[in-house]
Each structure stands twice: as C-alpha cells, then as structure tokens.
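The values are calculated or read from the model by the stated rules, or taken from the named source; none is laboratory data. Fair warning: this is a prediction, and the values are worked out from it, not measured in the lab. Because the Cβ atoms are built from the backbone with ideal geometry, glycine has one as well, and the counts that use them run over all protein chains shown.
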C-alpha cells in the first residue's frame, strides 16, 4: 500500500455551509496533482489549533473536517505529532494544524512536542486558541496566551459549551476570564460534539484568511499518509484500554503493510519502556493485546474501507522517550 494521504469521504453539509467542492466554481485544474485553479476572491491558509492538553482540540479538528483523522482519548497529551486537517469549501480552503498541548515537559519527547507546537504557532496565518469553556481560565491558559504572537489573528474558541454552566452570570464570568488573556480576539462558543454549533466558527475563520490558492487537492482531508493514521488508531486503543503510566510510554510503529484485493495485512510493534508495561499491554493470556488489536482493526477498516488482518507485537525499549536516536527512529523529531 502506498503512503498517500487519506482520501475524503462525502461529508454533506454543516448548517448551511456546503462541505464539498463546487467544481463549476473552478473549472481549470492542474491535471498532474488534481489541484484546481482558485476562482477570484478565493481564500486559503493555515490555522493553528492550540490550547492546554485535553481541551478537545483533536475532537474539534475531526468535527471541522467532517471525518476522523485525529485520535482522541481522556488521557492528557494524546496528540504527539503535528497533524493537518484539510477542509475545502467553494469559497476557501482551510488547513487546520492540530498541535500537541503545550505543557511543562519532563523528558526529551515532551520537549520536542512543545517545541513543534510553538513552531506551528509562528508559522500559521491565524490561530484558534481552544479553551475549556466549562471552567474559567487558569494558569495554563495564560501561559499559552503569552506565546501567541501579538500580530497573529486569533479567535478564542470556548469548547465544551454543552458542559458550560447554565447560570448566565457564571458563564459570562468564564468568558470574561478568557477575553482578558487576549482582549482583541473574538470569542466563539462551540461544542466539538455538536457539528451544528461550528457554523459561526467556520465563517469567522474564513474571514481571517488571506486570498490564496488551493494548497491541496480538494478531495484530501489530511496531509498524513495512511500508515501514520493506522499507527495513531492503534495508539488510540492503547490509550483507551490502559491506565496509569502505560499510555504515555507507548509508541507505535507500522512495520509492514501488505495489500491484496480482499485483505490488508498489517504488522505493527508497540514500544514500551519497562517489562512491567509490556506485561500490562499483553495482559493475562494475551487478553489485553487481543482487545486492543480487535478494536484497532475495526477502526482501520473504516479508514481503508476494506478487511484488515492486524498483528501486534510488544517490544521493550528502555527510556525511549529520553533517547534522541530512538525518538528519531519512532518518527519524533524537532522541527526547524
């Protein structure tokens, strides 16, 4: 199977905003890459999603593109790699850049994640500062707000509006606590679990963008290859099935993908730091690894729209999160 970006599936409409390309608006196309010529007045650009860990950035990204491309879990710092989600509309192409949650790092992996998130902040055309609207601003939010360049167009996105206080006075106090961090930025309430709430955010984001071309073919929803998404879907199930220290200590590597007309065979290795973590992942008589594999297989089948055979192996790599060489082998590198 070639490492090509994941193709989009039909996404329908989102509260009046058509989420498929109107090809009649851009009749000319680059036949080599499938990239249309943008019509007059077309807007495009890169928009970073930043915020504390666990404010719902990845869930919001999936909702914005209309398809699952980023893994989610209750575990903090789920996102490790910068992931771009692509939304092509008749009037604009938005490239959403999901970043790892900015936090105080405790090892080299954490340093790389925070560094890459800060690099993304500096490189985008606009920023969605995603916060947890169900609680007031805290020190972590202030820490991130200080790192948003003063000149960067910014929207404060109060996510989890479905969990926000019903009391209007308390809700207003939460809003004002976030407004104080970036006084000139508009505040928009959304729930990543309710696609119908995203229409105002999409319209406000388009207003931030400069005029520009299509950067990607309009049928793509992410710039990441299928192998990357497969590995993330496996890691998601590790996060959902294990607790304690295991989720943060696991890396997934796709070793082999063999595709036939009727079946895709995938071999993957889960790397952990200690023998005790290996025992937890495998479980009694292999039951935990079996559950993780079965759940991941179902998710990958949805991704590739075909039958999957998934075989998982567990390997101990002591202190891999602190080893520059091992991090590089596993795909974690500081961006320049």
key: Filtered residues of the range 256-275 (kept if at pLDDT 90 or above and surrounded by fewer than 13 Cβ atoms within 10 Å (Cβ to Cβ))   = 256, 258, 260, 262, 263, 275
request  = Would you mind stating whether residue 217 is in contact (Cβ under 8 Å) with a residue 40 or more places away in the chain and either farther than 26 Å from residue 151 by Cβ or not assigned by TED's automatic domain parsing to the domain that holds residue 147 (or both)?
outcome  = yes
message = So, in the range 178-205, exactly how many residues are under 14 Å from residue 55 (Cβ atoms) and in a helix (DSSP H, G or I)?
response = 1
request  = Mind listing just one residue for me: the one in the range 149-163 that is in a loop (DSSP other than H, G, I, E, B) and touching a strand residue (DSSP E or B) at 6+ places or on another chain (Cβ under 7 Å) and, of those, modelled with the lowest pLDDT?
outcome  = 152
remark   = Reported set for the range 280-297 where residues are surrounded by 13 or more Cβ atoms within 10 Å (Cβ to Cβ) and on the phi < 0 side of the Ramachandran plot is 280, 281, 282, 288, 289, 290, 291, 292, 293, 295, 296, 297
remark   = Heads up, the strands (runs of 3 or more DSSP E) in the range 225-336 (entirely inside) with at least 1 residues that are over 30 Å from residue 121 (Cα atoms) and free of Cβ contacts under 8 Å to residues at least 24 places away in the same chain are 251-259
